[in-house]
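Throughout, read-outs are computed from the coordinates displayed, never taken from laboratory work. Quick caveat, the model's predicted, so the values are computed rather than measured. Note: ideal-geometry Cβ built from the backbone for every residue, glycine included; neighbour counts use all protein chains shown.
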Amino acid sequence: MHSVKGLGELERTVMEVLWDRDNGATAREVGRALADDRDLAHTTVMTVLDRLAKKGFLVREREGRAWRYRPVATKEAYVAELMLGALNMTGDRDAALAHFARSVSGDEADLLRRALDEVEGT
Amino acid sequence: MTGTALLALVAAGSAFGAHRLTRARWTWRTPRTAIFLWQALGLAWGLASIGTLLGFGVAPYGQGVIGGVIRFFTDPHALSPIRVASVAAGLTFMLMLIAMLLAAIAGVVRARRRHRTLLALVAHGDPEMPGTLVLDHPAAAAYCVPGVRSPKVVVSAGTLKLLGPYELAAVLDHERAHVRERHDLVLLPFTSLRRIFPQARIITRTLDAVELLVEMAADDRARRHRPAKELATALLRFAAARPAPTPAGTLGVAGDALAAEASPILIRVRRLLAPAPLPRPLRGAMLAAATLVAVLPLILYAIPA
């Protein structure tokens, strides 16, 4: 059995495979795509795909006796979601994350640029 | 009845104190003490408000708040309807605060879990920055996802491009300070309060004030091991690079003087470049006063009067 970290790493690798394909993939295809990097048991690949589907990152449909898995959203969409939270544009402070600096108004940005010139000039 | 009157006084006093504290500037000279004072005020306000309602209700028993409430459950008929209503209001308020706090915590935990899961899938590590995750996005962002098991500091590719190596190191130190000092736990009750009372101006301003203090505390930590100027220029460069679109229907800040006065970024930069920490004896006195504020309502709960 993999450690938790190993499993997370595997999920990431599997998602990369699926994001690279237009048409999704079956467990066997994912296993084949990863065969160069690492030798994984077929059941391991199936477990990872099943977990990702349960978490809502993949949808699956029947293809003969196997399942074909597709990503629900693109990688860019997830990055954008994280960045919106990070830029504090989601309108709430739900995750109570501490930000290095909040977004500022255009006027304030001008002011900060001038202050930066001053500080760097000293 | 004296106890109840004093509790009412503490409730009003802590609300007034919070009002004054949102405008205070000396707090910037000792952010950690000020954060503790905020926590004490919040606790005192909650306990004293609940205690006032309960105390008024059970006053006829003459056994204080705690003794009176215990007696209320065995012998409620001795009280007039208005007293019973007061006890009910006090208990409802208490349960509501507790339930809302728990709901807010659950919401935060859920939002964070989603955030972490997504990070695990799309962010990548950098061998030069252990414990830091990088998001491939051109905009500037730096923040931390706190947690007991594996706190994460996250920076965007835009940040890496924007900042010089020393500035970046200063930012990472700042974020690690948030993680180490569990500033997320400091913010949690204040965030929850704002969820419970979204209309209350005083609470929004309180949250703003505490957030600024938390940033200052992290700034102070980051400045310990490196020149403050690195963090100051990082802060200016970083914030200037991310102007928010002005939301429709709102006006920009009128005039530079006002903006300079009110800009939290400039306030932080100024105190980084010209620090003026409060003398130790004064800080000690503040800590003692804050402790007293927090403990006072509990004492008043217990006295049988």
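Regarding the protein assembly as shown, what's the average projected area of the Cα-atom convex hull, expressed in nm²?
Values: hull surface 111.6 nm².
Mean orientational projected area (the protein assembly as shown, Cα hull): 27.9 nm².
In chain B, helical runs assigned H by DSSP with n ≥ 4 each contribute -39500 (n - 2.57); averaged across all residues and rounded to the nearest 500, the mean residue ellipticity at 222 nm is -24000 deg cm²/dmol. For A:LYS75, the aspartates and glutamates whose Cα comes closer than 18 Å to its Cα, not counting residues fewer than 8 places off in the same chain, are A:GLU9, A:GLU11, A:GLU16, A:ASP20, A:ASP22, B:ASP136. Between the alpha-carbon centres of the range B:159-214 and the range B:129-154 there is a gap of 14 Å. Taking 0.36 nm per residue of separation and subtracting the Cα-Cα distance, full extension of the segment from B:ALA157 to B:LEU95 would add 17.8 nm.
How far, in nm, would the chain grow between B:ILE105 and B:ILE299 when pulled straight, counting 0.36 nm per residue and subtracting the alpha carbon separation? Don't skip to the end; give the middle numbers.
Details: separation 194, 0.36 × 194 = 69.84 nm, distance 2.84 nm.
So the chain would gain 67.0 nm between B:ILE105 and B:ILE299.
A viscosity of 0.692 mPa s and a temperature of 37 °C, combined with the Kirkwood radius over Cα pairs in Stokes-Einstein, give a translational diffusion coefficient for chain B of 149 µm²/s.
Taking amide H as placed 1.01 Å from N in the peptide plane, the amide H of B:ALA142 sits under 5 Å from that of A:PHE100, A:ALA101, each at least 5 places away or on another chain. Counting only residues at least eight positions apart within a chain, or on another chain, the lysines with an alpha carbon under 22 Å from that of B:LYS229 are B:LYS161.
Shielding by partners for peptide A:71-79, expressed as the average number of C-beta atoms from other protein chains within 10 Å of each residue's C-beta, is 3.
Listed from fewest to most Cβ neighbours within 10 Å, the set B:TYR61, B:TYR143 follows the order B:TYR61, B:TYR143.
Between B:SER80 and B:MET129, the simple label model (points 7 Å from Cα in the Cβ direction) yields a spacing of 6.6 nm.
Principal-axis analysis of the Cα atoms of chain B puts helix B:2-23 at an angle of about 20° to the longest axis.
Quick check on the range A:4-71: take the gyration tensor over C-alpha atoms, sort the square-rooted eigenvalues as a ≥ b ≥ c, and tell me if it's rounded (a/c under 1.5), prolate or oblate. Taking the square roots of the gyration eigenvalues as a ≥ b ≥ c, the range A:4-71 is rounded.
Quick check on packing: order B:78-90, B:148-160 by the mean number of other C-beta atoms within 10 Å, highest mean leading. Please report the intermediate quantities before stating the final value.
Working: B:78-90: 15.4, B:148-160: 17.9.
Highest mean packing first, the order is B:148-160, B:78-90.
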